[in-house]
Structures are given as structure tokens and as C-alpha cells.
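The values are calculated or read from the model by the stated rules, or taken from the named source; none is laboratory data. In this text the structure is predicted, and so the values were computed from the model without any measurement. Glycine also receives a Cβ, built like all others from the backbone with ideal geometry; neighbour counts cover every protein chain displayed. Quick note on the areas: whole protein, heavy atoms, side chains included, nothing else; ligands and nucleic acids left out. Shrake-Rupley method; radii C 1.70, N 1.55, O 1.52, S 1.80 Å.
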Amino acid sequence: MESKIVLEQQVKDYMRAKDYGKAVKLLEKYEHISFDSALKIVECYYNIGNFERAHKVLKQIINDEEINFGQAADAALWVRKLSKRDSGSPRKKTRVAVLGTFTTNQIIPILYLFAWARNMHLDIYEAPYNQIQQEILNPESGLYNFKPEFIIIATIHKDIAISPFPSDINAAVKDEIFRWRAIWDRCCEAFSCRIIQHNFDIPLTSAFGHLEPRIKGSYINIINRLNQEMFLQCPRDVTILDFDMIASSYGKMRWYNPKYWYLSKNPFDLNAIPLLVKHYVAIVAAGMGMSKKCIIVDLDNTIWGGVVGEDGMQNICLGGNGSGEAFIDFQRYLISLKDRGILLAICSKNNEDDAKEVFVNHPDMVMKLKDFQSIRINWNDKPRNIVEISKELNIGLDSCVFIDDNPAEREIVRHTLPEVAVPHISSDPSDYINNIERHRYFELMEFTQEDKKRSEYYEQKRDHDRLKNGCGTIEDYYDSLDMAAEISHFDLINLPRIVQLINKTNQFNLTSRRYNENEIKKIMDENHWVTFYLKLKDKFGEHGLVGLMICFLEGKQIFIDTWLMSCRVMGRTVENTMLRYLYGWAKKNEHQIIYGKYIPTSKNKVVEDLYKKFGFKQCASKMDEGVKWYYDIQNNHIEENHFIRLSEK
């Protein structure tokens, strides 16, 4: 077998001769492709015109490797090149402004890079150095012209305007929080945007040593107090990025580099920038409704050690010390994800009875079959099973993360289902949690009651499916559900769920418009808007707030701006009840026409003909986007939905 040194020399010779086809064949012989080799593969594919393959290789290496600043900068150059080519999957776009009290120019290309790797395209505005207040307070600033959807306020402990040992520490902390709240409030008022605000990093230097955190009014004591108050008092449109935690995870001995600060006003090691930026991108992705919703796991050598079909249940590695304990901790980690609203699924090539016996009878098994919302234990290929899981759970493939110890299985899923996130998993189970966590797949903007109960909702869905299969007709099924709905206008107590639903719902969403909390508050306060939400329950339990409408009033006309519904209750006639309610409200208030618009996306084809189904007529006039429909209230009638009892709050 040729040595790696010989292969590398041949690669150099082929690339020098511009024979990129032969070079890439040699490079892909490497068992473990290094970052540098991966970039050479990207270069080869780029030069032979295979831009799609170049995209895939670059995206995989960015996501799989812990890269330093120099490597990230090199990858960013290739992203810029590839972005000019019409290749790769469609990317969600948003505008992000970066305002820092330190130099941020080295952050910008890395921010673009990691957003690209998560299928986002960022338009980025970088404010001048240390001009946060000037940019926010001056209506003529570049920030106002840019109209950001996200603002990153990048600060460090040097920005705290409190001297050590103030005469009244409580008043000093209160005043400092008030100073930052004034900035946040001005941003929300001016831009209706999401703010990502650093908390304050705790420096290594300490005048009082280990005693300092306990000394009232000491510098570290002040920082701890401020950080706690920032988390407690920030508005919902502000996300506090735990800058101190990120510094600690990197290692503060390496994080702080005084030379960079004195020479260029960069407060931390350049190689820490990729880590920091991954956290920025995760929060932006969450704000755009792009956080993952489901984690699909293999079984053998993934949640226990060994192959149960060959080793037998009694001989698998689970519990005790060493690797067995690591598998237990990984199971506990998966349960913690389930408890905060992430769906769990099994995709395993196995004899079903052998695998299920472990869940039922192994004394150290933490997880139970009921913890999983979808189970595929068979000998079918895994891409096929994953597609079935996504359909059963009614979520997109791009909402799924696939975990498997087998690199061959990971590769076939990556190749066949590029929408699915497939992180690199090491051969050591003690690394599994870190292998997943470093990607920040499951970042949250809000944690609602619906999140907490999500696994219950899917258990109810299984009950619904069993009931449906036992009913003679679809009408019998609807009647047997004993459904009841409550409709109410938007209110503050349900605002977090309303905003979450608006920003996460993709399938039953006619226009896919996104609004943040501040924008919804403005809509609620203005008379020319009408809003309502719907809560649903049936014989199996509460489903919570699952649908909403936002409508604009103009004279005797009503324009449906937003109409959406959770995928969990699709196929139960909830949309009939919502439209009937709007029709009744419109007729009562003497409106004449209801207008609706369908703006197609890659995910909402299920509602393409919804307006037509309810008797709307298509408008003849051409539109820049989507299809416009109208309904003549005076000459038509929408029947009541007798399958759902309706009450108004």
C-alpha cells in the first residue's frame, strides 16, 4: 500500500499539472482526511466544475472539525468563491449587525462561514470600533440604513461602568442594568429586532484570590451580580450569550492574550473566534426557526456497548464503570433533551425482539421505549427509515440529527439525505455528548409549556392514529375525538408561544412571515389589526396553543397576513374552525371581502390549495410573490365545523 507521504507528493504533482481529476481520486484514498486535504479536494472539484461536490466536502469539514482561526479564514475564502456559483441547497437569509467595544473585523468572515455551513446566508453590517451607543442613538447611522433583524452587542468586562467597592453596590448594579436596558429598548423600538448581548467575562486576575467572589463590592463579585441580573431582567427579544462560559470552555489561560488587546484591541486569542462565532450562529439559527427538533439514534454501540444480536443482552456494555457508565450518561443526556421538547427516535438495524428486550429487562437501562416518539428497528436501509420517521413525526428532514457510531452508516445518510445533520461520532462513548453539543443544534429562544409537553403530545398522536385506524370513516374518526377549541385574541400571557409558533411553523403556514415579540406587541396595540389564536383539546388531552391568524383591516376589506397551524394537529379540521371564526367575525363587523395570500416555500406545499378548497377565488392581478385569493362574504357562506365545539375566551 502506498504511503501517505508518497500519495501527498503525487497529489502535489497532479495539482501542479492541473490534473485535478487524478488529484482528487488520490486524496479520497486517505482514511482520515485532514482539513488541509479537504481544502485540496474542494479546490480540485471547484477547478473541474463540480461545485455541488465542492459544497458538500467543504460543509462537512467545517461541521466535523474543530478548526482554528487560520483554517476558518482559509475556508471562508472558499465559501466566498462557492457562494458565487449557483450550487448547493437554498439558504435562509437574514440581516445581522455586529456592534462591538473591541475590534470585530476578524469575526465577520468567520460568522459568514459558519452560517453558510448551516444553510444560512447572512448580510452583515459591522459597526465602527466601539461605537455602540452612537450607532443605536443616531438615526443617520449605518445601522438604521441597514435595518438589522439581529444585533450582536459584543462586550467584555472592561465595559462595566462600576468601580470596585461602590458605596451602595445594589444601587450601582441596578444603574448598570438600567444602562444596558436603555440600549436594548432603543434597539427593539427602532428595529423590532432580536438582540444577542454578551454577558461579562470574569478575568483571571484577582486581587483577593479565592476570597474575592465573597467580598462584597469586589470586581469579580460585581461581575457575578451583573451577569445574574442580566439573565433575570433581559426582555424576551434579548438573548444573553454566556460569554464567560464560552471563555471558560475554551480555557481562560489560552483565552486571554494581552498582546492582542494592546496591539489591536482584540481581547481574546484569535483561535477562540470560531468557538464564539458558532454560538452566535446557533442563536441566529434558533431565531430563524432553524434549530433541530429531533435526534435519531442507533442502538448497538451508540446507547449501549456491543451488538445485542450477537453478544446477547447479558453481555452488552451498560452500567458499572468505564464505557458502561459513559453509555448511561449518554442516555441521561438524551432524556434531558426529551424533557425540554426534543423528539427522540430509534433507527437501528437489528432484530426487533432482541433490541426491545434490552429496554424492558436490562437492569441498568435508563431509557424506556416510551421515551421515543418513533421507532424503526428492522433491516431496512437507514435513509429509508429516517424518511419514514420524519413523515411519522410530520417534521422536515432538516429538523433531524442522526447519531450512529458506524462511519459507513453516517456517510450513506449524509450522501442520500443531505438535509439531515450527521455529526462525527468518535469511537469513545465518553465523547458522544461533546460530539453533539459542540454543534449547538438545539438552541432555544423560549421554553414554553408546549415544549415541556411535546413528548406527551406525540403520545397522544399515537393514540389518535390507533383510533383512526379503528374507525370506519373519517367522519367517525372526527366525531370520536370529542374535540373542543378555545379562540381568543392575542394576549401577553400567551405571547411567548405565539412568537415561537410564528417563527417555527413551516408546513401549515400560508405566507411564512416571521415576527418577533416586539413586532407582535405593536400589532396588538394597533386598531387596524385583528389577531386570534386557537387552543385545542380532545379525548386524549390538551394540545395547547396550536393555531393563529393575523389579519390587517382596510375599510370593509380583511387581509390575512399570517395563517398557520402546528403540524401536530393537521388533518383534524382545525383550519375549518379557524376560517369559520374569521368569517363570522368579519360578517358581524360588516366587512365585505376577505383576501388571502399563498407564498410557496420548499415546505408549505400542503396548503397550496387551501383557499381554493374553502371557495376562495383567485385574483386576476399578477403579484410579485405568491398567489392572491379573495372571498365575497356577502354572497357566500362558510359552514360551521360540527366536529369541534368552539368557545370564545
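Here are the numbers for this structure:
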read-out: Residue satisfying condition, being in contact with a helix residue (DSSP H, G or I) (Cβ under 7 Å, 6 or more places away or on another chain), among the charged types (D, E, K, R) and open to solvent by 90 Å² or more (accessible area, probe 1.4 Å), within set Glu648, Glu640; value: Glu640
read-out: Residue within the range 3-24 that is assigned to a loop (DSSP other than H, G, I, E, B), at pLDDT 75 or above and polar (S, T, N, Q) present; value: no
read-out: All positions within the range 204-220 that are without any contact (Cβ under 8 Å) to a residue 12 or more places away in the chain, outside any loop (DSSP other than H, G, I, E, B) and either under 30 Å from Ala286 (Cα atoms) or in contact with a helix residue (DSSP H, G or I) (Cβ under 9 Å, 6 or more places away or on another chain) (or both); value: Glu212, Pro213, Arg214
read-out: Residue check, Ile594 among the β-branched types (Val, Ile, Thr), open to solvent by less than 30 Å² (accessible area, probe 1.4 Å) and in contact with a Phe, Trp or Tyr (Cβ under 9 Å, 6 or more places away or on another chain); value: yes
read-out: Test for Ala76: is it surrounded by 13 or more Cβ atoms within 10 Å (Cβ to Cβ) and touching a residue at least 40 places away in the same chain (Cβ under 8 Å); value: no
read-out: Residue count, the range 339-374 (criterion: open to solvent by less than 60 Å² (accessible area, probe 1.4 Å), among the charged types (D, E, K, R) and more than 24 Å from Glu409 (Cα to Cα)); value: 1
read-out: Criterion: closer than 19 Å to Asn516 by Cα and out of contact with any helix residue (DSSP H, G or I) (no Cβ under 8 Å at 6 or more places or on another chain) - qualifying residue of Asp175, Asp168, Asp159, Asp185; value: Asp185
read-out: Gly615 being free of Cβ contacts under 8 Å to residues at least 40 places away in the same chain and open to solvent by 50 Å² or more (accessible area, probe 1.4 Å); value: no
read-out: Which listed residue, of Ile283, Ile273, Ile295, is of a type in the set (Val, Ile, Thr), modelled with pLDDT of 95 or more and part of a strand (DSSP E or B); value: Ile295
read-out: Test for Tyr260: is it in contact with a helix residue (DSSP H, G or I) (Cβ under 9 Å, 6 or more places away or on another chain) and either farther than 24 Å from Trp116 by Cα or not in a helix (DSSP H, G or I) (or both); value: yes
read-out: Boolean, Val42 is aliphatic (A, V, I, L, M) and at pLDDT below 75; value: no
read-out: Single residue of Asp632, Asp609, Asp561 found to be open to solvent by 30 Å² or more (accessible area, probe 1.4 Å) and under 35 Å from the mean Cα position of the chain (by Cα); value: Asp609
read-out: Out of Glu486, Glu456, Glu542, Glu475, sole residue that is in a strand (DSSP E or B) and modelled with pLDDT under 90; value: Glu542
read-out: Residue satisfying all of: in the range 299-340; over 32 Å from the mean Cα position of the chain (by Cα) and acidic (Asp, Glu); farthest from Ser430 (Cα to Cα) among these; value: Glu310
read-out: All positions within the range 103-161 that are of a type in the set (Phe, Trp, Tyr) and within 28 Å of the chain's Cα centre (by Cα); value: Tyr112, Phe114, Trp116, Tyr125, Tyr144, Phe146, Phe150
read-out: Failed item in (1) touching a residue at least 40 places away in the same chain (Cβ under 8 Å); (2) open to solvent by less than 50 Å² (accessible area, probe 1.4 Å); (3) not in a loop (DSSP other than H, G, I, E, B); (4) not aromatic (Phe, Trp, Tyr), with Cys44 passing the rest; value: (1)
read-out: Residue list for the range 379-396, restricted to those being open to solvent by 20 Å² or more (accessible area, probe 1.4 Å) and either modelled with pLDDT under 95 or touching a Gly at 6+ places or on another chain (Cβ under 8 Å) (or both); value: Trp379, Asn380, Asp381, Lys391, Glu392, Asn394, Gly396
read-out: The range 523-548, subset closer than 23 Å to Cys567 by Cα and of a type in the set (A, V, I, L, M), residue surrounded by the most Cβ atoms within 10 Å (Cβ to Cβ); value: Val546
read-out: Residue in the range 273-294 that is crowded, with 20+ Cβ neighbours inside 10 Å, in contact (Cβ under 8 Å) with a residue 12 or more places away in the chain and more than 30 Å from Met120 (Cα to Cα) present; value: no
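Listed here are the residues, each with its yes/no results for (1) over 16 Å from Asn199 (Cβ atoms); (2) at pLDDT below 95.
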residue: Tyr219; (1), (2): no, yes
residue: Leu232; (1), (2): no, yes
residue: Met245; (1), (2): no, no
residue: Asn257; (1), (2): yes, yes
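Residue by residue, here is whether (1) out of contact with any Lys or Arg (no Cβ under 9 Å at 6 or more places or on another chain); (2) assigned to a loop (DSSP other than H, G, I, E, B); (3) under 23 Å from Gly555 (Cβ atoms) holds:
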position	(1), (2), (3)
Trp585	yes, no, yes
Lys597	no, no, yes
Pro600	yes, yes, no
Gly615	yes, yes, yes
Tyr630	no, no, yes
Asn635	yes, yes, yes
Glu640	no, yes, no
